[in-house]
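Report on one structure; see the data block that follows.
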Amino acid sequence: MRTPAWKWEWNLNTVVILFGFMGSIAGSGAAWERITSKQDDLTVEVERLSNRVTALEASSRTLDNHELRISNVEKQATDAATAMRAVQAALNGLAADMKVTRESCSE
């Protein structure tokens with residue numbers, strides 16, 4: 001009995017499977033490259049947003065400081081208006097007293 005002779009033949013299924021395997025390797029490499037390049041872009045965007053948030057926080061602190069100052073000025077203006085009313089009432093009382101005094105002196 002003779003050993004069977006081995007023939008080198010390409011079967012259509014073998015060719016399709018090999019091309020599919022090479023295509024999947026190439027596709028996964030391309031996908032990996034896209035993922036890593038997008039990751040670098042997103043890292044830059046996150047840093048930019050972080051800088052913007054830091055600037056906004058500083059601006060917010062400045063606005064809070066201005067709000068506190070404005071509320072203090074409003075309180076002082078209200079207190080000054082109340083004091084002016086008291087002074088006006090005192091002057092009106094003095095004017096009335098002066099009128100009475102003048103009337104009593106002229107009699």
> In nanometres, what is the gap between the two model label sites at VAL87 and GLU33, each 7 Å from Cα along Cα-to-Cβ?
Replying inline: 8.1 nm
>> Multiplying the sequence separation of ALA96 and ILE25 by 0.36 nm and subtracting their Cα-Cα distance, what value in nm do you get?
In response: 15.2 nm
>> Quick check: residue separation of LEU49 and ARG69 times 0.36 nm, minus the Cα distance between them. What number comes out in nm?
In response: 4.2 nm
> Taking only Cα atoms, what is the 0 to 90° angle, nearest 10, from helix 12-106's long axis to the longest principal axis of the chain?
Replying inline: 0 degrees
>> Among (i) 24, 14, 13; (ii) 102, 11, 7; (iii) 34, 23, 7, only one was calculated for this model; which label is it, if the read-out is semi-axes √(5λ) of the Cα gyration tensor in Å?
In response: (ii)
>> Need one number: nm distance between label points at ILE17 and THR3, each 7 Å from Cα along Cα→Cβ, rounded to one decimal.
In response: 2.4 nm
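Just so you know, all these numbers are worked out from the coordinates, no wet-lab data involved. Since we're looking at a predicted model, the values are computed, not measured. Cβ sites come from the backbone with ideal geometry, for glycine too, and all protein chains shown count toward neighbours.
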